[in-house]
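Enquirer: One structure follows; several queries about it will come next.
Where a number appears in this text, it was derived from the coordinates with a stated rule and is not lab data. All values reported here derive from a predicted model rather than from experimental measurement. Cβ: placed from backbone, ideal geometry, glycine included. Neighbour counts: every protein chain shown.
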Amino acid sequence: MSHVLDREAAEALQAEVERRRAELAELEARLSGWTAAYEATSKRDDTDFTTVSGRVIAPLYTPADTREDEYLRDIGLPGEYPFTRGPYQTMYRTRLWTMRLFSGFATAEETNERYKFLLERGQTGLSVAFDFPTLMGYDSDDPMSEGEVGKCGVAISSLADMETLFDGIPLDRVSVSMTINGPAIMLYCFLLATAEKQGVPFERVRGTIQNDILKEYMAQHAWIYPPEPALKIITDIFEWSAEHAPRFNTISISGYHIREAGATAGQELAYTLKNGFTYVERGIARGLDVDEFAPRLSFFWDVHNDFFEEIAKFRAGRRIWARHMREVYGAQKPESWRLRTHAQTAGVTLTAQQPYNNVARVAYQGLAAVLGGTQSLHTNALDETLALPTEHAVRIALRTQQILAYETGVANTIDPLAGSYFVESLTDQLEDEAEAIFAEIDELGGVVPGIETGYFQGRIARSARRFQDELEAGSRVVVGVNAFEEADEDHGVEILRIDESAGETQRRRLAELRSRRNAEEVTRALADLADAARNDQNLLPPMLDAVRAYATLGEIRVALEDVYGRFKEPISF
Amino acid sequence: MNESALASLSPKQKGLIERFQSGQPLALSRVISHVENHRPGFESMLEALHGAVGRARRIGITGPPGAGKSTLTAALARWYRERDLTVGIIAVDPSSPFTGGALLGDRVRMDDLATEPGIFIRSMASRGSHGGLAASTRETADLLDAFGFDRILLETVGVGQSELEVASSTDSTLVVLVPESGDGIQAMKAGLMEVADLFAVNKADRPGADRLKREIEIVLALRSGKPGRPAAGHHGVDLSSLRAGREDPPQEERAGVADDAWEVPVIPCVASRSEGVEEVAETLEEHFRWLEASGRLADGRRAQAREHARLVLERAMGRQAMQAWESWLATEGADRELESRSPYAISRTVLSEVWPDAPTAEY
Amino acid sequence: MSERKIRVLVAKPGLDGHDRGAKVIAAALRDAGMEVIYTGLHQTPEKIAATALQEDVDVVALSILSGAHMTLFPRVLRLMTENGMDDVLLTGGGIIPSEDIEALQEQGVGQLFGPGTTTGEAVAYISRWFEESGRGVEA
């Protein structure tokens, strides 16, 4: 699009704004009559007309609820600052969102088979789910891991397991997304070393690591080290990858877990963006050029039940990120201003009661994510509140996205809800709310002091409690749970069972590995790694050496724990 | 072992005391509950075990919320364990004034001590009672003492008078502050100056730690009236009469130690990294040696015993008076009397049930 | 005279960090007038049993969403029994299939609460159990 066209469009829009201003005066007068009539009429008593986040919704929105002169300044065009309408110019007209479903279970062999099956059916990217021990940096044979190995994801304890996971899967052709945080640097090195063994140079490896430690302290709790060393490690990853693995997305700044832990939409939005700003500040403080690493930052939102509020959250998020990146952090490149996001439907909204209803919930949430302009989407399976999903349930979740993409027509036009008085007003409200929360966090001295004093955790727990109270009081209706219940329900949903054999297989494999590798080399590599940590050097090179020597995940974690200590959660209710 | 107290116990309670004496932690735990809940026979149980009380050193740890008391408590406990000393910990948290419930979360900071042999941690809710909390914590400490722990750490949030009282009913009181908790003047306002034998400035790697240390030292110096040489030993505060180091020794005992006042040290530390913990622990040991050498330990323990006996008496009197009150309330005509007579007259009537010879003198 | 408070240990065993449910239930039990000992995340069965012993709790409530319930509940129960706490209730909640709930109850675990349980149900269950156990009146 040329600049001339842009200016013409701008002038026309400006005239429109003028006309609206005149209209507004008359509207205000008529509205007071309407409001009087509304007040005099009886209202339903089965709802208090608030969103699931507790936001009060008005019965009617009009131009009086939107900001004056807002179009060019606040909304604009897709792919242009402030990106309210979307991060890319042509959005789903050029490319649909990526339908990415997260999977992993049991041992590396079993998951490798599942991946090959998916790749043979045309999937081009993989999304790895790890088990809890791996997420926490524990080996499968650690006593703490007992009972959890391979249960909620795949168990990866060393480079050997990662080699098995991607056996026969070329890492220069398949992009790998790894949901890993506390030990992100270890798993990243496992992946890089696996690529190396396949003969794939680092600069050709594509993928994403979640690597968002701040939200772990706030919500999901898969942490290892205290915030300062953890942030240092993340900055090491930014710095090293900008030079050696430029195609890799080094962080996915996630609101998902914050929301799932109970936060409101406004808290999810504000805490996540503030975390993003904190990473940016750390990168700048290290001496990195913001335009070098900011384009590799990406986001991850939850898509909850309140349809319009969720759509507004996506839009407000893009606008706030763009404004801060340009105005506060001085980024010059549009790629640095542009917020790209993955989204997942809200696991916490799935009900164990009448589980087939979850298909409808997931569909509406998926629709909200698409109307919000997401770049990729995971739709939950209907049985995920009962166990890990069965293949059948996963297929329905994927088909839900395909129906959205190809049957509903919602992807035909870009940001179709722009200009809705309600949606624009909600977008503005969420932006204002986020700015107010930013100010509150700044008052505490920033995100890290907020974490250490339990500010975030306490706010999130309180929001969770408010929702639970509303649910139990019946003022918040959840179908099948506190209304429209079925007596003597037999849900009839088949459950996927993961047996205990993964734990045994892993223990045996690790014992073999420990006897096979060169113990002296491992000890030396771990000592070098600890030295690098003590001397505040970039940890990537010595970590890669330790990984190549087949030091295990747990051994590496402990070597660094000796230097950095462990994070202890503040208690806040 | 007090035989008459033991004789008044039920067979089940006797069995519990026997298991306590043979060193079973579950028995200790259950006797504590018995005492904390004032279940029938609890005073006889305490009396039966009283002979074994008095060996442990008791250390109060207090300070504002978020100062890192639990972290420091855990670090001190580890220091003692490295020296083969056993440690009993009492962690007090407030009860909700509305529901009477409580969320006791101090153990999170002491997580790695849960299975450590030689360490026993007990969380207590303040249960909102004034003298009650002081008596319950003291008696729980007595039980830990009788069970054989070498050191007893009593951790409370230093926010209210009763919490301060609890912390200062020990041999030594450690007050923990952090740069964020304000300046020395605020510490003085909160009453922390009166109770401290030792200050720890925790999170000393944060900005403002040096300033806080200096401010506390200045306030201490002002209080002692000896600028530049902060020292303990002030007068006129009720709390001081309960405590070991605070009370001026009788004239004759003072002779040899006249110039030997305890200077309250202010020690920076980072409890989460165990930095400075050694100095805090060693200073606590030093304080105890000073208490012993100066004769203040015996004085302090006597003052503690006096206060404890007073609390037990008050509790016993209260219990009897309340029983009489309940039966008076149940009598016919109580309602009418409440309307027609003054509360003072009613009180005299009830009291004469408990204590027929009660003097009728007015107050 | 002090009123006898119900003491409950709310614990998250294992490496699963999802503590939303544990915190909501802990707060609800406190609001129902109970004394709740909360130990934070990543507890081993040994730590849970030691804490239950030192705190003399009436009830141990575990929250497990990781699928490790068939390992962790029996381990905690065994340690409690070995340490003389066979009169203490072991209960909990999480993502636990109904046939597993039945199997655990046969081993001596109390009621287990699945997704969608109200805090009110859990409070009522614990209060009722306490009443029936006679722990409030034993001498």
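Enquirer: What spacing in nm lies between the two simple spin-label points modelled at A:S420 and A:E18, each 7 Å away from Cα in the Cβ direction?
Expert: Between A:S420 and A:E18, the simple spin-label model gives 3.1 nm.
Enquirer: Count charges around C:A61 for me, please; just the other residues with Cβ under 14 Å from its Cβ, Lys/Arg as +1, Asp/Glu as -1.
Expert: With Lys, Arg at +1 and Asp, Glu at -1, the neighbours total -1.
Enquirer: Is there a simple number for the mean count of other chain Cβ atoms within 10 Å of the Cβ of residues in A:28-35, and what is it?
Expert: 0
Enquirer: Counting only other chains, and only Cβ atoms inside 10 Å, what mean value do you get across the residues of A:141-151?
Expert: 5
Enquirer: Towards the positive end of the charge dipole of the stretch B:295-363, with charges on Cβ (+1 Lys, Arg; -1 Asp, Glu), say which of B:S327, B:V312, B:L297 has the farthest Cα.
Expert: B:L297
Enquirer: Which aspartates and glutamates, on any chain, are close to A:K333 with Cα under 15 Å apart, when same-chain ones fewer than 8 places away are left out?
Expert: Output for A:K333: A:E80, A:D289, A:D291, A:E292.
Enquirer: If each of A:L444 and B:Q161 carries a label point 7 Å out from its Cα toward its Cβ, how far apart are those two points in nm?
Expert: 3.5
Enquirer: Something else about it: Please report, in whole Å, how far the alpha carbons of the protein assembly as shown spread along each principal axis, starting with the longest.
Expert: 102, 83, 68
Enquirer: Let me ask something else about it. When the convex hull of the C-alpha atoms of chain B is computed, what volume per residue in Å³ does it have?
Expert: 182
Enquirer: Additional query: If we count every other residue with Cβ under 11 angstrom of C:A22's Cβ, Lys/Arg +1 and Asp/Glu -1, where does the sum land?
Expert: Net charge in that neighbourhood comes out at +1.
Enquirer: Residue by residue through C:7-17, how many Cβ atoms from other chains fall within 10 Å of the Cβ on average?
Expert: 6
Enquirer: Considering Cα pairs under 8 angstrom that are at least six residues apart, work out the relative contact order of chain C and quote it in whole percent.
Expert: Across chain C, relative contact order equals 25 percent.
Enquirer: Then there is this: Only Cα pairs within less than 10 Å get springs; with that Gaussian network setup on chain B, which residue of B:D260, B:D142, B:D183 has the largest fluctuation?
Expert: Of B:D260, B:D142, B:D183, the Gaussian network model singles out B:D260 as fluctuating most.
Enquirer: Above 37 angstrom, tally the Cα pairs of chain A and express them as a % of all pairs, no decimals.
Expert: In whole percent, the share of Cα-Cα pairs in chain A beyond 37 Å is 34.
Enquirer: Treat every Asp and Glu Cβ in the protein assembly as shown as -1 and every Lys and Arg Cβ as +1, leave all other atoms uncharged, and give the resulting dipole magnitude about the Cα centre to the nearest 20 debye.
Expert: 1060
Enquirer: Take each of the peptides A:182-193, A:540-551, B:149-160, B:211-222, average the number of other beta-carbon atoms within 10 Å over its residues, and list them starting from the highest.
Expert: Packing order, densest peptide first, comes out as A:182-193, B:149-160, A:540-551, B:211-222.
Enquirer: Which whole-number value in Å³ per residue fits the convex hull of the alpha carbons of the stretch A:430-534?
Expert: Per-residue hull volume (Cα only) is 247 Å³.
Enquirer: In percent, how large is the relative contact order of chain A, given Cα pairs closer than 8 Å and 6 or more residues apart?
Expert: 18
Enquirer: I've got another one for you. In the stretch C:109-134, whose amide N lies under 16 Å from the spot 7 Å out along Cα-to-Cβ of C:D87? List them in ranges.
Expert: Once the point is set 7 Å along Cα→Cβ of C:D87, C:129-134 turn out to lie under 16 Å by backbone N, inside the stretch C:109-134.
Enquirer: Dipole size in debye (nearest 20) for chain B around its Cα centre, Lys and Arg Cβ +1, Asp and Glu Cβ -1?
Expert: Taking the Cα centre of chain B as origin, the dipole is about 440 debye.
Enquirer: Evaluate the relative contact order of chain B (contact order divided by residue number), counting alpha-carbon pairs under 8 angstrom at least 6 apart; express in whole percent.
Expert: After rounding, I find 15 percent.
Enquirer: Considering only DSSP states other than H, G, I, E and B, which GluC sites (Glu not before Pro) in the stretch A:293-378 qualify as loop sites with at most 15 other Cβ atoms within 10 Å?
Expert: Of the GluC sites (Glu not before Pro), not one in the loops of the stretch A:293-378 has a Cβ with at most 15 other Cβ atoms within 10 Å.
Enquirer: Under a GNM of chain B (C-alpha, springs under 10 Å), which listed residue has the highest mean-square fluctuation: B:E47, B:E36, B:E82?
Expert: Of the options given, B:E82 has the highest mean-square fluctuation.
Enquirer: Given the -39500 (n - 2.57) contribution per DSSP H run of 4+ residues, what per-residue ellipticity at 222 nm results for the protein assembly as shown, rounded to the nearest 500 deg cm²/dmol?
Expert: So the helix-based figure for the protein assembly as shown works out to -15000 deg cm²/dmol.
Enquirer: Sticking with this one: Modelling each spin label as a point 7 Å along the Cα-to-Cβ direction, I'd like the A:E500/A:I403 distance in nm, to one decimal.
Expert: Going from the A:E500 label point to the A:I403 one covers 4.1 nm.
Enquirer: If you place +1 on the Cβ of every Lys and Arg, -1 on the Cβ of every Asp and Glu, and leave all else neutral, what size is the dipole of chain A about its Cα centre, to the nearest 20 Debye?
Expert: Dipole about the Cα centre, nearest 20: 1180 debye.
Enquirer: Calculate, axis by axis, the spread of Cα positions in the stretch B:295-363 along the three principal axes, and write the results as whole Å, longest axis first.
Expert: Largest to smallest, the principal-axis extents are 58, 24, 20 Å.
Enquirer: Follow-up question, since we're still on this one. Per residue, how much space in cubic angstrom lies within the convex hull of the C-alpha atoms of the stretch C:1-116?
Expert: Spread over its residues, the Cα hull of the stretch C:1-116 gives 98 Å³ apiece.
Enquirer: Return the subset of A:K151/C:K47; A:K215/B:K203; B:K12/C:K5; A:K232/B:K213; A:K568/C:K12; B:K189/B:K213 for which the Cα-Cα distance in this structure is over 19 Å, preserving the input order.
Expert: The answer is A:K151/C:K47; A:K215/B:K203; B:K12/C:K5; A:K232/B:K213.
Enquirer: Here is a follow-up. Rounded to whole Hz and in sequence order, give me ³J(HN,Hα) for the stretch A:144-151 from the Karplus expression 6.51 cos²θ - 1.76 cosθ + 1.60, θ = phi - 60°, writing x for Gly and Pro.
Expert: 5, 7, 4, x, 10, 5, x, 6
Enquirer: What is the gain in length, in nm to one decimal, between B:E286 and B:R315 on full extension, counting 0.36 nm per residue of separation less the C-alpha to C-alpha distance?
Expert: In short, 6.9 nm is gained.
Enquirer: Also: Net charge around A:R548, counting only other residues with Cβ within less than 15 Å of its Cβ (Lys, Arg = +1; Asp, Glu = -1)?
Expert: -4
Enquirer: Pick from C:S98, C:S63, C:S127: which is most flexible by mean-square fluctuation in a GNM of chain C where alpha carbon atoms under 10 Å apart are linked?
Expert: C:S98
Enquirer: Another question, if that's okay. Straight-line reach from A:K116: which aspartates and glutamates have a Cα under 18 Å away, not including same-chain ones fewer than 8 places off?
Expert: A:D161, A:E163, A:D167, A:D172, A:E391
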